[in-house]
Amino acid sequence: MKKAIITLVTLFLITSAAYSQDNAQEKKNKTSFAAKIIHNSAAGFYPIFFANFETNKKFDITMYSIFWTNGAFGNLNSGSDLLLEVAAGIGFKVFNDKLYLNPSFGFASGKFLSNSVGTRLGEGIIPSLYFNYGDSVIDFEGYLAYYKSIRDNENILTKDYVLNWLAPGIKVSDRVVVGAFYETLDITRNEGGENLQIYQWLGGSLKLKLDNGIVFRISGGSVLNTDVSQSDEFYKVSAFIPF
């Protein structure tokens, strides 16, 4: 009888431990994090961190932070006052989960939009939209963001920007996507001068889907138009790495 009781208790503890472990894993899976490391010929190197929180609704809560490292986005000589971009949004799927939409709203801090002497918290707002469409043949990503300065005063000449990129592609296999890449960055309001097109890019793109959710993309091609640079060509490389 005593052995039977010990056996039952042991089985109960093992079952409870396994159940707790499963529950912990389930709770853990409701939150995911990832990093995207980008380097391109205009902005240089900058990392992005993403967070996704599942809900019991038909949408998830998303967050991201972009740490712009280009000295020209802050104090060029010391690299201080650099642009920091932080945002939150919602992500949801439509059309039988083929189309993913992720509108976000964020804030910029630094001196990039306000042209101030030093860092300004919340110098701008950043509404944005990311989308991703995928089926058995098509893989199509796109992004649009508006950088609006909100810290105006008499002595500061502020600027507003629009950034967008499109990457339509065809799935050659489960791991390889070949397609095009298009990106523009424009100054849409410039208190210190004329509106300018920083660049307009068009080229090819190769996207590789590796193990563990890692995605690598390399793009390059021609500069169709620019008002501020002498470059005729561009490149952009990114690596998306889930934690």
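Readers should treat all values here as calculations from the given coordinates under stated rules, not as data from a laboratory. All of these numbers come straight from a predicted model, not from anything done at the bench. Glycine also receives a Cβ, built like all others from the backbone with ideal geometry; neighbour counts cover every protein chain displayed.
Evaluate E = 1/(1 + (r/R0)^6) for VAL137 and LEU208, where r is the Cβ-Cβ distance and R0 equals 22 Å; express this FRET efficiency to the nearest 0.05.
After rounding to 0.05, the efficiency reads 0.80.
How much net charge surrounds SER114 when only other residues with a Cβ under 12 Å from its Cβ are counted (Lys, Arg +1; Asp, Glu -1)?
Counting the neighbours of SER114, the net charge comes to 0.
At R0 = 30 Å, how high is the FRET efficiency between LYS58 and PHE33 if r is their beta carbon distance? Nearest 0.05 is fine.
Calculated transfer efficiency: 0.85.
Mind checking which of GLY169, ILE150, GLY118 is farthest towards the positive end of region 105-183's charge dipole, using Cβ charges of +1 (Lys, Arg) and -1 (Asp, Glu) about the Cα centre?
Going by the charge dipole, the pick is GLY118.
For region 177-182, what does the Karplus curve 6.51 cos²θ - 1.76 cosθ + 1.60, with θ = phi - 60°, yield as ³J(HN,Hα) per residue in whole Hz, taken in order and with x for Gly and Pro?
10, 10, x, 10, 9, 9
In percent, how large is the relative contact order of the chain, given Cα pairs closer than 8 Å and 6 or more residues apart?
For the chain, the relative contact order is 13 percent.
On a 0 to 90° scale, report how tilted helix 2-29 is relative to the longest principal axis of the chain, with both axes built from alpha carbons and the result rounded to the nearest 10.
10 degrees
What does the net charge come to around ASN195 if you take all other residues with beta carbon closer than 15 Å to its beta carbon, with K and R at +1 and D and E at -1?
Here the count lands on -2.
Once the chain is represented by equal point scatterers at the alpha-carbon sites, with solvent omitted, what log10 I(q)/I(0) does the Debye formula produce at q = 0.09, 0.13, 0.14 Å⁻¹?
-0.49, -0.90, -1.02
To make sure I understand the rule: partners must be aspartates and glutamates, Cα under 17 Å from the Cα of LYS111, and not fewer than 8 residues away in the same chain. Which ones qualify?
Reachable aspartates and glutamates: ASP81, GLU85, GLU123, ASP152, GLU154, ASP160, GLU191.
If I model a spin label as a point 7 Å beyond the Cα along the Cα-Cβ vector, how far apart are those points for SER65 and LEU157 in nm?
Those two pseudo-labels are separated by 3.3 nm.
Roughly what would the spin-label model give for PHE105 and SER173, points 7 Å off Cα along C-beta, in nm?
4.5 nm
Just how large is the dipole of the chain about the Cα centre, in debye to the nearest 20, putting +1 at every Lys and Arg Cβ and -1 at every Asp and Glu Cβ?
Magnitude of the dipole: close to 1240 debye.
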